[in-house]
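The values are calculated or read from the model by the stated rules, or taken from the named source; none is laboratory data. Nothing here was measured: the structure is a model prediction, and the numbers come from that model. Reconstructed Cβ throughout: ideal geometry from the backbone, glycine too, with neighbour counts over all protein chains shown. Calculation scope for accessible area: heavy atoms of the full protein, side chains included, ligands and nucleic acids excluded. Shrake-Rupley method; radii C 1.70, N 1.55, O 1.52, S 1.80 Å.
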Amino acid sequence: MAAHTPTVGLTVGFDLDMTLIDSRPGIKAAYQELSARTGTVIDADLAVSRLGPPLEQEIRQWFPEERVAEIAELYRALYPEYAIAASPALPGARAAIDAVHAAGGRAIVVTAKYEPNAKLHLEHLGLGVDALFGSLWAERKAEALRTHHAPVYVGDHTGDVVGAHTAGALSVAVATGPCDATELRNAGAEVVLADLTEFPSWLERYVAEGADGGDGAAT
């Protein structure tokens, strides 16, 4: 992935599903194929309405515990064929990454998704991030954020707010996933944006104000 010379301290972390990409069409197709392969009824529309937590959490809704590891492995194997091409970038995703690079910073992706499949999404869409970390959810996202000294983490779920705060980072939330703006703000997000199209102007203010971005909140 492309490397950029960062401004000291400016690393911005992004979640993937429903923050940078609309993975609902692809994940729905993957669940439908999983249902066909296993003969188990899965409400794919319901499953994609609650994206964010690790895959195994959703698999447990449809399969007994003793089959969770096996079914998760099958799902991940099906995923590249059924989910990648069907999942577009969300509005503003590319511009948000470009804005970080234009500010001299680094953009990293920290996601609960299986890392090889997350990488396929980024490559398919040409989203040139500087680093990718998969299989990290909620407070565990702080591992990657701390390693890269990221002062900002952008996500769409209350679990992303937890990850940001565990790392001591500013939580910038976008209301493009399963959690609405009120839920994100109630979870403690310092900044709530409608979507990533609002991110470049917020980042410009954040940098100009010397990393005091909380006042740039929007609903």
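Could you list all residues from the stretch 147-167 that are among the hydrophobic types (A, V, I, L, M, F, W, C) and more than 10 Å from the chain's Cα centre (by Cα)?
Those that are among the hydrophobic types (A, V, I, L, M, F, W, C) and more than 10 Å from the chain's Cα centre (by Cα): A150, V152, V161, V162, A164, A167.
I want to confirm something. Restricting to the stretch 174-196 and keeping residues that are within 14 Å of the chain's Cα centre (by Cα) and open to solvent by less than 10 Å² (accessible area, probe 1.4 Å), which single residue is farthest from D15 (Cα to Cα)?
C179
Collect the residues in the stretch 50-66 that are open to solvent by 60 Å² or more (accessible area, probe 1.4 Å) and within 17 Å of the chain's Cα centre (by Cα), keeping them in residue-number order.
The answer is R50, Q57.
Are any of the residues in the stretch 153-165 of a type in the set (A, V, I, L, M), more than 25 Å from A85 (Cα to Cα), open to solvent by less than 30 Å² (accessible area, probe 1.4 Å) and modelled with pLDDT of 95 or more?
yes
For (1) over 17 Å from V152 (Cβ atoms); (2) modelled with pLDDT under 95; (3) open to solvent by 30 Å² or more (accessible area, probe 1.4 Å); (4) part of a helix (DSSP H, G or I), each residue gets a yes or a no:
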| residue | (1), (2), (3), (4) |
| --- | --- |
| V172 | no, no, no, no |
| E198 | no, no, yes, yes |
| L203 | no, no, no, yes |
| T219 | yes, yes, yes, no |
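Yes/no matrix, rows are residues, columns are (1) open to solvent by less than 70 Å² (accessible area, probe 1.4 Å); (2) free of Cβ contacts under 8 Å to residues at least 40 places away in the same chain; (3) under 21 Å from K141 (Cα atoms):
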| site | (1), (2), (3) |
| --- | --- |
| V68 | yes, yes, no |
| A85 | no, no, no |
| G92 | yes, no, no |
| I97 | yes, no, yes |
| A103 | yes, no, no |
| I108 | yes, no, yes |
| L120 | yes, no, yes |
| H124 | no, no, no |
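Do any residues in the stretch 20-48 that are hydrophobic (A, V, I, L, M, F, W, C) have Cβ atoms under 7 Å from those of residues that are open to solvent by 70 Å² or more (accessible area, probe 1.4 Å) and part of a helix (DSSP H, G or I), where the two are at least six apart or on different chains, and which pairs are they?
A44/Q32; V48/R24
State which residue pairs qualify: first residue within 13 Å of V172 (Cβ to Cβ) and inside the stretch 132-159, second residue among the acidic types (D, E) and buried (at least 21 other Cβ atoms within 10 Å of the Cβ) in any location, beta carbons under 8 Å apart, and separation of 6 or more residues or different chains.
Short answer, once both residue conditions are applied: Y153/D15; Y153/D160; V154/D15; V154/D160; G155/D15; D156/D15; D156/D17; H157/D15.
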